[in-house]
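Okay, so here's the structure we're looking at.
The values are calculated or read from the model by the stated rules, or taken from the named source; none is laboratory data. Predicted model, so just to flag it, every value in this text is computed and none were measured. Cβ: placed from backbone, ideal geometry, glycine included. Neighbour counts: every protein chain shown. Keep in mind that these areas ignore ligands, DNA and RNA; they rest on the heavy atoms of the full protein, side chains included. Shrake-Rupley method; radii C 1.70, N 1.55, O 1.52, S 1.80 Å.
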Amino acid sequence: MARKPARIQKAAARSQDSKGKFQSRDSFQNLMARTGYGAGSLQDGSAYTFDYISRNRTLLEGAFQSNWVARTTVSVVAEDMTREGIEIKSSLEPDDLEMIYEEFDTLQLWDALCDNIKWARLYGGSIAVMLIDGQDMSKPLNVETIAEGQFKGLMVLDRWLVQPTLEDIVKQYGDGFGLPRFYDVVADSLALARQRIHHSRVIRIDGEDLPYWRKISENLWGVSVLEGLWDRIIAFDSTTEGAAQLVYKAYLRTYKVEGLRQIIAAGGKVMEGLVAQIEMIRKYQSSEGLTLMDKSDEFEAHSYTFSGLSDVLLQFGQQLSGATQIPLVRLFGQSPAGLNSTGESDLATYQDTIKRGQNRKLRTGLTKLLDVVSRSRLGKPLPAGTTFKFRPLYQLKDIDKANIAKTVSDAVINAEDAGIISRSTALKELRQSAETTGIFSNISDEEIEEAENDPPPPGETDDPANEGSQAQEQQSGKNAED
């Protein structure tokens, strides 16, 4: 009888000692077949480790500059997050709102915010410094001291241009809690070199979030978005380059020469004659020509088919799309394939991702920036209750806006004519619809207040005496009927 392996004997002994008790594991294992993690298969050698690509600035810059997939992955999200701007909801006059929008364009604030997000995604972190003329950068920002025309724009500095004060952390609850109190600009910076900047004067954006101990190792920054998909980019480029190399071998021709080894060994006139023959074949051979050769020689052509390569490339592209959370139509400019596939669901999911990123990474900084712009351009703070929302990534067409505006206005006018709503309420509804249509946005608060003071329609009154006379008339009519 064959002796059982020692591993099986030990397992049987443990089973007898358990006296009917069974041990369960969280994952499937079959030790006999060596399947499952920890069963002795090749899979047991797999592991995940740290790449530290975010610390290699030159490598990241090389990928961003030379690889279009890496550049698109970094840039497209930053551009989409800042492309359409914001819609401010405030009691400010329409002219004042236009001045704020104009200031954003004049100072190129959206371009600076786009760069801030872009370098945060590439390097793992970046800051945008608010340039306020005449103020000490190392002092906390006091918006009450900002005079008209004092704000000059944003200066973007990536994580390699500043050194955070890791020994001095913000411990007060509120803005910047747990983050460095100051950022020291390195000497290589084109502007603000060797200056210390207080954290309240910057709009900080981190790259991919990290758990606590990993964030400590990265000087409280995040990591590059390229680090998590580095192997997928290499796989995609390797497959693409491999397919390109196959093009050169798509049509191979072989020419068999009897006694070739002897001819090469002999050299001299014999070798020269062979070379002259090959040159003559190459010179006169064409798609319509003839190939002259000795009767004993053989000539063959080998063609290569590329079936299946497109599927392989598509699979690697889909992996990149999933890793970056950017749909194929946006990442590669590729229309979705499949029956009844329009890509609308992918774009809708992508828009939700962009909106979530805007609220997480931009809203706090933009709230501070809007107050600074208002004080610098208008000479006054924003009114209480001022809010804003990010404009949708994909806007409605003008014809769609016009149709929606007509539908809303007809519904509001009909409700007002029926006496369901007042004229002031109708004006409020029309102005609120401007968020979608862009029409009726210039209805002012004064016009709404004036509508609230309109006299009541004929036949309606709030006079108590009139109400009493009407009641007496109704009672008299009832008595006459009796």
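Could you check residue 155 against (1) out of contact with any helix residue (DSSP H, G or I) (no Cβ under 8 Å at 6 or more places or on another chain); (2) not in a loop (DSSP other than H, G, I, E, B) and say which number it fails?
For residue 155, the failing item is (1).
Quick one: would you say residue 112 is assigned to a helix (DSSP H, G or I), touching a residue at least 60 places away in the same chain (Cβ under 8 Å) and within 22 Å of residue 193 (Cβ to Cβ)?
no
Can you find, within region 164-218, the residue that is surrounded by the most Cβ atoms within 10 Å (Cβ to Cβ) among those that are among the basic types (Lys, Arg) and closer than 21 Å to residue 55 by Cα?
Within region 164-218, the match that is surrounded by the most Cβ atoms within 10 Å (Cβ to Cβ) is 204.
Looking only at residues that are charged (D, E, K, R) and touching a helix residue (DSSP H, G or I) at 6+ places or on another chain (Cβ under 7 Å) in region 219-237, which one is farthest from residue 162 (Cα to Cα)?
The initial filter retains those residues of region 219-237 that are charged (D, E, K, R), namely 227, 231-232, 237.
Retained after the next criterion (residues that are touching a helix residue (DSSP H, G or I) at 6+ places or on another chain (Cβ under 7 Å)): 227, 232.
Details: 227: 21, 232: 31 Å.
Taking the candidates together, the pick is 232.
Is it true that residue 328 is modelled with pLDDT of 75 or more and either within 26 Å of the chain's Cα centre (by Cα) or among the polar types (S, T, N, Q) (or both)?
Against the criterion (modelled with pLDDT of 75 or more and either within 26 Å of the chain's Cα centre (by Cα) or among the polar types (S, T, N, Q) (or both)), residue 328 qualifies.
Tell me which residues, restricted to region 220-257, are at pLDDT 85 or above, over 30 Å from residue 51 (Cβ atoms) and assigned to a loop (DSSP other than H, G, I, E, B).
257
Just to verify a result, which residue in region 219-259, among those that are more than 39 Å from the chain's Cα centre (by Cα) and open to solvent by 50 Å² or more (accessible area, probe 1.4 Å), is nearest to residue 361 (Cα to Cα)?
So the first thing to find is which residues in region 219-259 are more than 39 Å from the chain's Cα centre (by Cα), and the list is 249-259.
From what is left, the residues that are open to solvent by 50 Å² or more (accessible area, probe 1.4 Å) are 249, 251-256, 258.
Working: 249: 50, 251: 54, 252: 56, 253: 59, 254: 62, 255: 65, 256: 68, 258: 74 Å.
For region 219-259, the residue satisfying everything is 249.
Between a residue in region 35-56 that is farther than 27 Å from residue 210 by Cβ and open to solvent by 70 Å² or more (accessible area, probe 1.4 Å) and any residue that is among the β-branched types (Val, Ile, Thr) and in a strand (DSSP E or B), which pairs come within a Cβ distance under 6 Å, given they are 6 or more apart or on different chains?
none
Mind counting the residues in region 380-437 that are touching a helix residue (DSSP H, G or I) at 6+ places or on another chain (Cβ under 8 Å), of a type in the set (A, V, I, L, M, F, W, C) and part of a loop (DSSP other than H, G, I, E, B)?
Adding up the residues that qualify gives 4.
For region 54-87, enumerate the residues that are of a type in the set (D, E, K, R) and assigned to a helix (DSSP H, G or I).
55, 57, 61, 71, 79, 80
Could you list all residues from region 65-109 that are under 14 Å from residue 227 (Cα atoms), open to solvent by 20 Å² or more (accessible area, probe 1.4 Å) and in contact (Cβ under 8 Å) with a residue 60 or more places away in the chain?
Correct list: empty.
Are any residues in region 384-399 over 17 Å from residue 441 (Cβ atoms) and either among the acidic types (Asp, Glu) or surrounded by fewer than 14 Cβ atoms within 10 Å (Cβ to Cβ) (or both), and if so, which ones?
Matches in region 384-399: 384, 385, 394, 397, 399.
Could you run through region 369-398 and say how many residues are within 19 Å of residue 353 (Cα to Cα) and in contact with a Phe, Trp or Tyr (Cβ under 9 Å, 6 or more places away or on another chain)?
1
Could you count how many residues in region 414-453 are acidic (Asp, Glu), open to solvent by 80 Å² or more (accessible area, probe 1.4 Å) and farther than 20 Å from residue 91 by Cβ?
The total comes to 1.
Determine which single condition residue 144 fails, assuming it passes every other condition in (1) of a type outside the set (S, T, N, Q); (2) exposed (fewer than 13 other Cβ atoms within 10 Å of the Cβ); (3) in a loop (DSSP other than H, G, I, E, B); (4) more than 30 Å from the chain's Cα centre (by Cα).
Against the list (1) of a type outside the set (S, T, N, Q); (2) exposed (fewer than 13 other Cβ atoms within 10 Å of the Cβ); (3) in a loop (DSSP other than H, G, I, E, B); (4) more than 30 Å from the chain's Cα centre (by Cα), residue 144 comes up short only on (3).
If I filter region 310-321 for residues that are open to solvent by 70 Å² or more (accessible area, probe 1.4 Å) and in contact (Cβ under 8 Å) with a residue 12 or more places away in the chain, do I get at least one hit?
There is at least one residue in region 310-321 that is open to solvent by 70 Å² or more (accessible area, probe 1.4 Å) and in contact (Cβ under 8 Å) with a residue 12 or more places away in the chain.
Given the residues 161, 157, 131, which is the only one that is in contact with a Lys or Arg (Cβ under 6 Å, 6 or more places away or on another chain), surrounded by 17 or more Cβ atoms within 10 Å (Cβ to Cβ) and either at pLDDT 95 or above or under 24 Å from residue 82 (Cα atoms) (or both)?
Result of the check over 161, 157, 131: 131.
Scanning region 346-386 for residues that are among the hydroxyl-bearing types (Ser, Thr, Tyr) and under 26 Å from the mean Cα position of the chain (by Cα), which turns out farthest from residue 107 (Cα to Cα)?
For region 346-386, the residue satisfying everything is 349.
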